[in-house]
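Asker: Below are the structure tokens for one structure; questions will follow.
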Amino acid sequence: MLGLTSLGVLHTLIGLLAVVSGFWALARYKEISPKNRLGQTYLVATPITAVTGLGIFQHGGFGPPHALSILTLIALAVGTVGATTNVFGRLSRYVQAASYSATILFHMIPGFTESLTRLPPATPVFASADAPEFKPIYAALMLLFLIGLTLQIRWLRQEVQP
């Protein structure tokens, strides 16, 4: 199926579950949180996606997708510290939001790359992950992340104020 290994299929399916639950949580609750079912689903599916991604070497050795997997695991750890402790003081909730939201960005970059280099099956949109056309896509994803994070922070500030 689209040149995917069994691990690749599992990785993709769990990644899709993570992305859907993550965006749904953001739309419904304005944050990804371990305090609700959507957030919990995201926070279980995302590290599984990151770890399974580390075992996929379709394009050679260790590469940018693997680095994003590691960044995802780090961001999840930092976000979990923010969600479950007061290590960051009054910024804990903001650290949680920024860290968990960053993992959505980390899902989207390889998601777009893999989709656009595999689909449509006979003639993919781009020939390789190195296509220069990806740069504006990545820039747009980063811009959307920054806009979303700004809105999240504004919402958190309003929620915290009496």
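Asker: Considering only residues of segment 81-104 that are open to solvent by 60 Å² or more (accessible area, probe 1.4 Å) and in a helix (DSSP H, G or I), which is nearest to residue 32 (Cα to Cα)?
Answerer: In this case the residue turns out to be 93.
Asker: Report whether or not residue 62 is out of contact with any Pro (no Cβ under 8 Å at 6 or more places or on another chain), at pLDDT below 95 and closer than 17 Å to residue 109 by Cβ.
Answerer: yes
Asker: Looking at segment 131-152, which of its residues are open to solvent by less than 80 Å² (accessible area, probe 1.4 Å) and in a loop (DSSP other than H, G, I, E, B)?
Answerer: 131
Asker: Taking residue 107 and the conditions (1) surrounded by fewer than 16 Cβ atoms within 10 Å (Cβ to Cβ); (2) in contact (Cβ under 8 Å) with a residue 24 or more places away in the chain, which numbered condition does it fall short on, given that it satisfies the others?
Answerer: Tallying (1) surrounded by fewer than 16 Cβ atoms within 10 Å (Cβ to Cβ); (2) in contact (Cβ under 8 Å) with a residue 24 or more places away in the chain, residue 107 fails exactly one: (1).
Asker: Now a separate question. Somewhere in segment 32-46, is a residue open to solvent by 50 Å² or more (accessible area, probe 1.4 Å), in contact with a helix residue (DSSP H, G or I) (Cβ under 8 Å, 6 or more places away or on another chain) and not in a loop (DSSP other than H, G, I, E, B)?
Answerer: no
Asker: Can you name the residue in segment 111-127 that is touching a helix residue (DSSP H, G or I) at 6+ places or on another chain (Cβ under 6 Å) and in a loop (DSSP other than H, G, I, E, B) and is also surrounded by the most Cβ atoms within 10 Å (Cβ to Cβ) among such residues?
Answerer: Across segment 111-127, the extreme among qualifying residues is 126.
Asker: Quick check on segment 125-135. Is at least one of its residues touching a residue at least 24 places away in the same chain (Cβ under 8 Å), closer than 19 Å to residue 65 by Cβ and polar (S, T, N, Q)?
Answerer: Checking segment 125-135: not a single residue is touching a residue at least 24 places away in the same chain (Cβ under 8 Å), closer than 19 Å to residue 65 by Cβ and polar (S, T, N, Q).
Asker: While we're on this one: Being in contact with an Asp or Glu (Cβ under 9 Å, 6 or more places away or on another chain) and of a type outside the set (Lys, Arg): is that true of residue 97 here?
Answerer: In short, yes.
Asker: Still on this model: Could you list, in sequence order, the residues of segment 1-31 that are at pLDDT 95 or above, in contact with a Gly (Cβ under 6 Å, 6 or more places away or on another chain) and open to solvent by 50 Å² or more (accessible area, probe 1.4 Å)?
Answerer: Answer for segment 1-31, where residues must be at pLDDT 95 or above, in contact with a Gly (Cβ under 6 Å, 6 or more places away or on another chain) and open to solvent by 50 Å² or more (accessible area, probe 1.4 Å): there is none.
Asker: While we're on this one: Are any residues in segment 69-80 surrounded by 21 or more Cβ atoms within 10 Å (Cβ to Cβ) and either among the β-branched types (Val, Ile, Thr) or outside any helix (DSSP H, G or I) (or both), and if so, which ones?
Answerer: Result: 72, single match.
Asker: Using the structure shown, decide if residue 115 is under 22 Å from residue 20 (Cβ atoms), among the small types (Gly, Ala, Ser) and modelled with pLDDT of 90 or more.
Answerer: Yes; evaluated as a whole, the condition is true for this residue.
Asker: Inspect segment 72-94 for any residue being touching a helix residue (DSSP H, G or I) at 6+ places or on another chain (Cβ under 8 Å), within 15 Å of residue 111 (Cα to Cα) and at pLDDT 95 or above and give the result as yes or no.
Answerer: Yes: one or more hits.
The values are calculated or read from the model by the stated rules, or taken from the named source; none is laboratory data. What you are looking at is a predicted structure, and each value in this text was computed from that prediction instead of being measured. Glycine gets a Cβ as well: all are built from the backbone with ideal geometry, and neighbour counts include every protein chain shown. Accessible surface is based on the protein model in full, side chains and every heavy atom, while ligands, DNA and RNA are left aside. Shrake-Rupley method; radii C 1.70, N 1.55, O 1.52, S 1.80 Å.
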